[in-house]
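Worksheet: the structure to be examined is printed underneath.
The values are calculated or read from the model by the stated rules, or taken from the named source; none is laboratory data. For clarity, every value in this text was computed on a predicted model and none was experimentally measured. Don't worry about glycine lacking a Cβ; one is built from the backbone with ideal geometry, like all the others, and counts go over all protein chains shown. Ligands, DNA and RNA are excluded from the accessible area calculation, which covers all protein heavy atoms including side chains. Shrake-Rupley method; radii C 1.70, N 1.55, O 1.52, S 1.80 Å.
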Amino acid sequence: MSLLIIPKLICAAIIALPGYLPVPNQERTVLAEIRENQQDITLSAATKPVQGMYSGFAVTWNNRTKLFPWESISEPAFYPELVTANIDGKAQDELIIILTTGKGTGVRASAIHVLQEDWTEIPVGDAIAKARNVLSSEYKEREATVEYTVNIAGKEYVYSYPYEDAEMWFEEASMGHILRYRVQENKLIAEIPVQVSPGTYTGTIEVEYRAYRGKLIPSEVSYIEDP
């Protein structure tokens, strides 16, 4: 074997190691854990966040550990959420990891990862794209009010607000600035609020996922009006 090839092989082996060998015994911060129903699951990250973000996550699942190149906000109020549920309808539960990747006024970005026990990740479809396909609206300015006629999945809703209630009104109902996930009765659901100004919401579009050919795809769409 040529001596020039050996260093390349060694380098390739080093790069491949982190995903398959135990995580080095280094100081880490535990961000979420599950210790019930014969499950022992921990999600941890490097102790010191960088620019308000944790990165380099380790998932320990029943004494097996794997690293993932994910990121999440380091503030405790936005720590990741772990859930186990059988959302693909097969024999075993999956591990659902919900991360918060961005926040601000009228903004919250989330990422979701669904792992099987063999570390296979189930792809999750784009709920925002699904919601946009069923949302349309019309905006009108009155003498002292603004009015939105919002159509969601074929059903019409009308909202009127005093013009002075917001410094800026959107020209159409908007969504996608906020995305949250929850798991309910073995169903994965995306929550996408509908905004007509940075701080005014008409309600929330909920997109329920279903399993299809090894993926989780956005399926049923519903709308819940704000009180």
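Annotations for the structure displayed:
- Mean separation of Cα pairs under 8 Å and 6 or more residues apart, divided by the residue count, gives segment 78-224 a relative contact order of 20 percent.
- Global geometry of segment 146-227, whether rounded, prolate or oblate, following the gyration tensor of its Cα atoms and the 1.5 cut on a/c: prolate
- Length gained when the stretch residue 166-residue 38 is fully extended (0.36 nm per residue, less Cα-Cα span): 41.0 nm
- Computed from the Cα positions only, the extents of the chain along the three principal axes stand at 81, 40, 40 Å, in decreasing order.
- Average accessible area per residue (Å²) across segment 80-227 - probe 1.4 Å, nucleic acids and ligands excluded: 53
- The residues neighbouring residue 199, those whose beta-carbon lies less than 10 Å from its own, together hold a net charge of -2 under the Lys/Arg +1, Asp/Glu -1 convention.
- Split the accessible area of segment 103-220 by element, probe 1.4 Å, and carbon with sulfur accounts for 42%.
- Rounded to whole numbers, the Karplus 3J(HN,Hα) couplings from phi for segment 97-103 are 10, 10, 10, 9, 10, x, 7 Hz, using 6.51 cos²θ - 1.76 cosθ + 1.60 with θ = phi - 60°, and x at Gly and Pro.
- Net charge in the neighbourhood of residue 122 (other residues with Cβ under 9 Å of its Cβ; Lys, Arg +1, Asp, Glu -1) is -2.
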